[in-house]
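Heads up, the thing below is written out as structure tokens.
The values are calculated or read from the model by the stated rules, or taken from the named source; none is laboratory data. These numbers were taken from a predicted model, which means no experiment stands behind them. Positions of Cβ are backbone-derived with ideal geometry, glycine not excepted, and every protein chain shown enters the neighbour counts. Quick note on the areas: whole protein, heavy atoms, side chains included, nothing else; ligands and nucleic acids left out. Shrake-Rupley method; radii C 1.70, N 1.55, O 1.52, S 1.80 Å.
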Amino acid sequence: MLSRVAESLFWMARYYERAENTARLMDVNINMMLDMGEYMQEVGSSAPYWNPIIRITSPFDDFRARFPKTTQESAIEWLTWCEDNPNSILVCIGRARENARAMRDAISSEMWEQINTTYLQLKDTDHSQIWREGAHSFFGRIRMASQLFQGLVETTMLREEGWQWIQLGKYLERADATTRLVDVKYHILLPSLDEVGGPIDNVQWIAVLKSCSAYEAYQKRNVARITPSRVAGFLVLDHTFPRAVRFCFDQIRLSLRSISVEHGLLEERSPEIIASHVRHTLDQTTMTGIIQSGLHQNMIQLQDYCGEISQKITQTYFQGALRHAA
Amino acid sequence: MATGLVNLITSVQSPYQNSGSYQSQSQGSSQRQSQGTVRGGTNARLFSPPVKQGLFANYREDSFYDEMFDEKGCPRAHYQGVFDQLSAMSAEDFMARRRRADLTFLQQGITFTVYGDGASTERIFPFDLVPRIITARKWTRIETGLKQRIRALNLFLHDVYHDQKILKDGIIPLDMVLGCADYRREIYGVDVPKDVYIHITGTDLVRDRSGEFYVLEDNLRTPSGVSYVLENRQVMKHTFPMTFAHYNVRSVDTYSLDLRESLCAVAPEGVENPNIVILTPGIYNSAYFEHAFLAKQMGVELCQGSDLIVDDAKVYMRTTQGLRRVDVIYRRVDDDYLDPLTFRPDSALGVTGLINCWRAGNVALANAVGTGVADDKAIYAYTPAIIKYYLGEEPILPVVKTYLTHIESEQKFVLEHLEELVVKPTNASGGYGMLVGPHSTAAQREEMKQRILANPRSFIAQPTLALSRHPTFVEDGTGGHFEGRHVDLRPYIIHGEDIKVLPGGLSRVALVKDSLVVNSSQGGGSKDTWVLSRDF
């Protein structure tokens, strides 16, 4: 497979997944704020709810430079449409489409049409549509678009190397997003330490679960009531839930292995070595351990690993291809 | 809706009830068919001139050859079915179908890029839903004529890059060929696999007032448009399924198979299962959609220059597994940009050292380098002589009378008759830099005169042809109606082991009233082109 094509597949999947994650976050945030009316009146602003989300998905200073005040409107404008935000939904889907366009021959026509139509529709959408239609329905459509795309990947693509690059991009992005989500909740969202375990805290943790479509799954796996450490533990360490960090790393490892095998390589190459290491560490740890050694630090470290794997992939497969093939 | 559909079906079926293998499903529907025969079919036509109605109500052929109507204003036999169906259609219905078709093109990203004012935009190629139909008899002649032409031009290319017999025999002046900007000295003496130079051709044909087909120009470099032929057909099948069922339209679906086969056939000798790639200038090229489309249809890699690398006079592509050998390159990059070592040193689109690999016979290029000399618009004037010289045959397809402005007597004539002539730069495509005399201003003619005098070898002139016209949907205040618009036809020819002509082609239509310029970059649209396997 051409290195350029592999790179485009990888990034197409990452950008689409990123757009979906942002849509999820916004949907749940807006929904959660409806349950928090009393508290919000006290604070007099929705900024405490939007700032963390802006922080984890984009460079916060850029947002400030563009919008002096955090309001629901400015936050949604920034996260959904803004061309200045490299991670706004529109920009992400646009980049996913650009990548798809540069290798239209490598993906199925159905995949291309889906991504192209989604982009064209979104680009032409009147921004006030979110309010006329209702945020839940609007962001729901973006989530569905991404899931339809994944379905088309499943049903129209040959199970060859190209498919693995898409999986790799998707799960790497998702692992990264879940760590950010867990992190932001634990350190920023909570009004004060007294509230830990209180009703507000619970509402927020439920929101976190819902933003990963994890609420029902969590309930199935945990009979006991919601506690921060159980929720974080589920989102980080569960090996069956498809948005959990550990599950994602399992998939990352599998895809990297398949690509190596397809190339006739038995030994692990550098991205795979890191992925195996992370998997192994997650296997041997417990949530209590993670919290004791610092949830924030651990989440940052996982994000660093994701970044490093991505970098090694680029070096190994996208740029380094000057050897002659076996 | 249901009744509407039945009406359409019956009116379409009526004239051809006995001609095809079509069978009606039930007693009921066949009864409806016979009613249709009485109402709108051939019988009525025998006795009185048909009344053009509906969207055709004010249709006028004027003095042009009309593809659909004969000189009496009656639909030609092979258009009767389409005419009946369209006559019964309302503007709203037609426009609804058109919107559906346009949306399909947009969503599938079947777009081209328009340049101008420093910016570029993605646009769909306007598609007119009224199909252009060519009879089997006419097509046979076109097909034989094109094969003859391609065979001769290919021999001509081999000759001018080897023995140059045609120049020594004085058939064409030496400086006409060797002085041509597209003659590539760099490849003199290079042998190409199976002596094939022009693997893919798109020849532009036009009809004059008499209905006779003429060759207007040969595109022997990197002709584009074939993807629209294939996509237009798909969209047409979805938009007008019932009309289709009634015509014996020859399929265009095998194009990509034929193309792949012929690219395999010209692989360097000894290569069993060649690795074929398409070389594209990239996503900003106006024909990028087509490059990706063909790569997918053929199941080959679509490469940009940066994906390919030369080592030891062999071409490789950079893959995730390392370098992989490339045997055949269907290149959609112009000669000038192909290899910075040989041609333009500032090209970022090409592959450094590619021409060397090609000279060494380690990679095949389709089309070969240097084919531009054979589709130069001045050489065009000599193509009938070229056919006679190499094949000893009379040309089957005539060419348009061409004045060469570097010959003194012809230049004089051209300058005196600029108002009646079309002047074209010899070395440009896309309709850029043309002067259409009858539609020009005095200032434009004066400017052209100065340009010709400054650079006589760079221009040719031809009489302004009364191009044939075809009913085309035109929007108006109340919806829309049909009007005649000028059309041309670009069939595609593949030359590998043998020569194949795709049954069909791109009918381009000048959507602007009275315009003669059909190029997509200049407000042209396209039509699906039906070649019938059997005439009515």
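Rounded to the nearest 100 Å², what's the accessible area chains B and A bury against each other, both chains counted, probe 1.4 Å?
The summed interface area works out to 2700 Å².
Taking the Cα centre of chain A as origin, work out the dipole magnitude from +1 charges on Lys and Arg Cβ and -1 charges on Asp and Glu Cβ, in debye rounded to 20.
400 debye
With springs connecting C-alpha atoms under 10 Å apart, model chain A as a Gaussian network and identify which of A:TYR49, A:TYR16, A:TYR215 has the largest mean-square fluctuation.
Looking only at A:TYR49, A:TYR16, A:TYR215, the largest GNM fluctuation is found for A:TYR215.
Just going by the charge dipole of the protein assembly as shown, with Lys and Arg at +1 and Asp and Glu at -1 on Cβ, which of A:THR118, B:ALA77, B:ALA461 is farthest out on the positive end?
Looking along the dipole axis, the top candidate is B:ALA77.
Just flag the GluC sites (Glu not before Pro) in the stretch B:452-536 sitting in loop per DSSP whose Cβ has no more than 16 other Cβ atoms within 10 Å.
Hits after loop and neighbour filter: B:GLU497.
Give the percent of DSSP beta bridges with both residues in chain B that are antiparallel, rounded to the nearest 5.
75 percent
Can you tell me the dipole magnitude for the protein assembly as shown around its Cα centre, using point charges on the Cβ only (Lys, Arg +1; Asp, Glu -1), in Debye to the nearest 20?
Rounded to the nearest 20 debye, it is 1380 debye.
Please compute the contact order of chain B in relative form: average sequence separation of alpha-carbon pairs under 8 Å and at least six residues apart, divided by the residue count, as a percent.
21 percent
For the protein assembly as shown, build the charge dipole from Cβ charges (+1 Lys, Arg; -1 Asp, Glu) around the Cα centre, then report which of B:VAL192, B:HIS470, B:VAL423 sits farthest towards its positive end.
Among B:VAL192, B:HIS470, B:VAL423, the one farthest towards the positive end of the dipole of the protein assembly as shown is B:HIS470.
Be a star and scan the stretch A:44-73 for residues whose amide nitrogen sits under 17 Å from the point 7 Å along the Cα-to-Cβ vector of A:ASP84.
Residues A:51, A:54-55, A:57-73 qualify, since their backbone N sits under 17 Å from the label point.
What distance in nm lies between label points placed 7 Å from Cα along the C-beta direction at B:GLU71 and A:LEU34?
Each label point is offset 7 Å from its Cα along the Cβ direction, giving 7.6 nm.
Pop out the ³J(HN,Hα) list for the stretch A:173-179 in order, Karplus 6.51 cos²θ - 1.76 cosθ + 1.60 with θ = phi - 60°, rounded to Hz; leave Gly and Pro as x.
Calculated HN-Hα couplings, in order: 5, 5, 4, 4, 5, 5, 4 Hz.
Using a 1.4 angstrom probe on the protein heavy atoms only, line up B:LYS314, B:LYS424, B:LYS194 by accessible area, largest first.
B:LYS194, B:LYS314, B:LYS424
With a cut-off of 8 Å between alpha carbons and a minimum separation of six or more residues, what is the relative contact order of the stretch A:1-119 in percent?
Averaging sequence separation for qualifying contacts and normalising by length gives 34 percent for the stretch A:1-119.
State whether the stretch B:493-536 is rounded, prolate or oblate according to the following rule on the C-alpha gyration tensor (a ≥ b ≥ c being the square roots of its eigenvalues): a/c under 1.5 gives rounded; otherwise a/b larger than b/c gives prolate, and the remaining case gives oblate.
Oblate is the answer for the stretch B:493-536, as a/c is 1.5 or above yet b/c matches or exceeds a/b.
Suppose every Lys and Arg Cβ carries +1 and every Asp and Glu Cβ carries -1, with no other charges. What dipole size does the stretch B:403-463 come out with about its Cα centre, to the nearest 20 debye?
About 200 debye.
Please give the helix A:228-237 orientation as an angle from the longest Cα principal axis of chain A, in degrees from 0 to 90, rounded to the nearest 10.
10 degrees
What length, rounded to one decimal in nm, is gained on full extension from A:ILE300 through to A:ARG230, with 0.36 nm per residue of separation minus their alpha-carbon distance?
Stretched fully, the A:ILE300-A:ARG230 segment lengthens by 23.3 nm.
Which value in nm describes the separation of the simple spin-label points at B:GLN444 and B:ASN58, placed 7 Å from the Cα toward the beta carbon?
2.6 nm
What longest region of chain A stays clear of GluC sites (Glu not before Pro) that DSSP places outside H, G, I, E and B and that have at most 13 other Cβ atoms within 10 Å?
That gives A:161-266 as the longest site-free run.
Mind giving me the FRET efficiency for A:GLU262 and A:HIS136? R0 is 51 Å, r the Cβ-Cβ distance, nearest 0.05 is fine.
Result of the calculation: an efficiency of 0.75.
If R0 is 41 Å, what FRET efficiency do you get for B:SER533 and B:VAL436 from their C-beta distance, rounded to 0.05?
0.65
Calculate one ³J(HN,Hα) per residue across the stretch B:403-413 by plugging θ = phi - 60° into the Karplus curve 6.51 cos²θ - 1.76 cosθ + 1.60, and present them in order as whole Hz with x for glycine and proline.
Per-residue couplings from phi come out as 9, 9, 6, 8, 8, 3, 5, 6, 4, 4, 4 Hz.
Within the stretch B:127-212, what whole-number % of the accessible surface is contributed by carbon and sulfur, with the 1.4 Å probe and all protein chains included in the calculation?
Of all accessible area on the stretch B:127-212, carbon and sulfur atoms account for 48 percent.
Kindly express, to the nearest 10 degrees and within the range 0 to 90, the angle between helix B:91-107's C-alpha long axis and the longest C-alpha principal axis of chain B.
30 degrees
Rounded to the nearest 0.05, what FRET efficiency do B:ASP253 and B:ALA385 have when you use their Cβ-Cβ distance and R0 = 51 Å?
Step by step, r from the Cβ atoms, then E = 0.85.
Rounded to the nearest 10 degrees, what's the angle between the helix A:295-313 long axis and the longest principal axis of chain A, both from Cα atoms, 0 to 90?
30 degrees
Please list, in order along the stretch B:212-229, the HN-Hα scalar couplings obtained from phi with the Karplus expression 6.51 cos²θ - 1.76 cosθ + 1.60 (θ = phi - 60°), rounded to whole Hz, x for Gly and Pro.
Result, rounded to whole Hz: 6, 7, 10, 7, 9, 7, 9, 10, 10, 9, 10, x, 10, x, 5, 5, 5, 4.
Working from the pairwise distances between different alpha carbons, so that the mean of 1/r is found and then inverted, what is the stretch A:1-157's Kirkwood radius in Å?
Computed over Cα pairs of the stretch A:1-157, the Kirkwood hydrodynamic radius comes out at 16.4 Å.
Given an 8 Å cut-off on Cα distances and at least 6 residues of separation, report the relative contact order of chain A as a percent.
Averaging sequence separation for qualifying contacts and normalising by length gives 22 percent for chain A.
When Lys and Arg each count +1 and Asp and Glu each count -1, what net charge do the other residues less than 11 Å away from B:ILE200, Cβ to Cβ, add up to?
Local net charge: +3.
Solvent-accessible area of B:HIS199, probe 1.4 Å, all protein chains present, reported in Å² to the nearest ten, please.
10 Å²
With a 1.4 Å probe and all protein chains left in place, how much accessible area per residue does chain B have, in Å²?
Dividing the accessible area of chain B by its residue count gives 41 Å².
In nanometres, what is the gap between the two model label sites at B:HIS162 and A:ARG143, each 7 Å from Cα along Cα-to-Cβ?
Between B:HIS162 and A:ARG143, the simple spin-label model gives 6.9 nm.
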